[in-house]
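Here's the structure, in structure tokens; my notes come after.
The values are calculated or read from the model by the stated rules, or taken from the named source; none is laboratory data. These numbers were taken from a predicted model, which means no experiment stands behind them. Cβ sites come from the backbone with ideal geometry, for glycine too, and all protein chains shown count toward neighbours. Heads up: the accessible areas ignore ligands, DNA and RNA and are worked out on the full protein's heavy atoms, side chains in. Shrake-Rupley method; radii C 1.70, N 1.55, O 1.52, S 1.80 Å.
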Amino acid sequence: MALELRDVTIAVAGRDLLRGLTARVEPGHVLAVMGPSGSGKSSLLAWIAGTLEAPFAARGDVRLAGHSVAALPIQQRRIGLLFQDDLLFPHMSVRDNLLFALPAGQGPTAGSAADGRQARIETAEAALSGAGLNGFGPRAPASLSGGQRARVSLLRALLAQPRALLLDEPFSKLDAALRAQMREFTFTTLRERGVPAVLVTHDEADVPTAAQVVRLAA
């Protein structure tokens, strides 16, 4: 499904940070939003997600599959978020971090609770295997490298089955080699799963070749 932004304006203290932004992001594609600090990039993501708070104000519309979600609470929008920090739960194993994200109905509709849990575990383990992290389920997040944690964080966001994904400078804390690797993994995964994404970044290298680019002024 496509993500649409229609005539979006975000203001604070009577000043427009961005005005009249309109864009359509097709499934598996990326809209990259670039600009200096204070230009409204993160405020735009917060508004799309449904978390924008006073003193910021916004008008416009955000639509998924042709339906407006602008008036829905955050939990009903099913829009995922991926930040600079991985925000994994340190007291949970890698597998349990992924299980936490899986929707309650994931797994068979018939059979015992044990069968349902096993199906969820198999889903989490398959996701790890597909990300090159086979066997990492029992490990603690603190035992992983930065790149491994970043991959688990992306998997957790995607296992929640978002209808769109917001990326707030998710590669900025990785070194150059890991950034390139993680960019490739992220955008390939989004493309394969058909998830539209909005990426906020300061780095031109973070923007995939086919992405739409919006540049905000200070």
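Run the dipole for the chain about the Cα centre, Lys and Arg Cβ at +1, Asp and Glu Cβ at -1, nothing else charged, and hand back the magnitude in debye, nearest 20.
260 debye
Give, rounded to the nearest 20 debye, the magnitude of the charge dipole that the stretch 1-121 has about its Cα centre when Lys and Arg contribute +1 at Cβ and Asp and Glu contribute -1 at Cβ.
In debye, rounded to 20, the stretch 1-121 gives about 160.
Calculate the spin-label point distance for ASP175 paired with ALA142, positioning each point 7 Å from the Cα along the beta-carbon direction, and give it in nanometres.
Here the answer is 2.3 nm between the modelled labels.
Could you compute Rg(Cα) / (2.2 N^0.38 Å) for the stretch 1-77, with N its residue count?
Against the empirical 2.2 N^0.38 Å value, I get 1.06 for the stretch 1-77.
Hey, what's the chain come to in accessible area per residue, 1.4 Å probe, Å²?
48 Å²
Mind checking the full-extension length gain between ALA205 and ASP7? Use 0.36 nm per residue of separation minus the Cα-Cα distance, one decimal, nm.
Once the chain is fully extended between ALA205 and ASP7, it gains 68.5 nm.
Is the C-alpha gyration tensor of the stretch 33-155 telling us rounded, prolate or oblate? Criteria: a/c under 1.5 is rounded; beyond that, a/b larger than b/c is prolate, otherwise oblate.
Note, shape of the stretch 33-155 comes out oblate.
Given VAL33, ALA119, LEU18, which one lies farthest toward the positive end of the charge dipole of the stretch 1-133, if we put +1 on the Cβ of every Lys and Arg and -1 on the Cβ of every Asp and Glu?
LEU18
Sorted from largest down, what three extents in whole angstroms do the Cα atoms of the chain have along their principal axes?
In descending order, the Cα extents are 54, 41, 31 Å.
Under the rule a/c < 1.5 gives rounded, and otherwise a/b versus b/c splits prolate from oblate, where does the stretch 140-218 land using the Cα gyration tensor?
Taking the square roots of the gyration eigenvalues as a ≥ b ≥ c, the stretch 140-218 is oblate.
Please name which of SER145, ALA157, PRO196 has its Cα lying farthest along the dipole of the stretch 107-218 towards the positive end, using unit charges on Cβ (Lys, Arg +1; Asp, Glu -1) and the Cα centre as origin.
Positive-end residue among those listed: ALA157.
What does the highest-first list of 2-12, 66-76, 16-26, 39-49 look like by mean Cβ count within 10 Å?
My ranking of the peptides, most packed first, is 39-49, 2-12, 16-26, 66-76.
Carbon and sulfur atoms: what percent of the 1.4 Å accessible area of the stretch 80-218 do they account for?
54 percent
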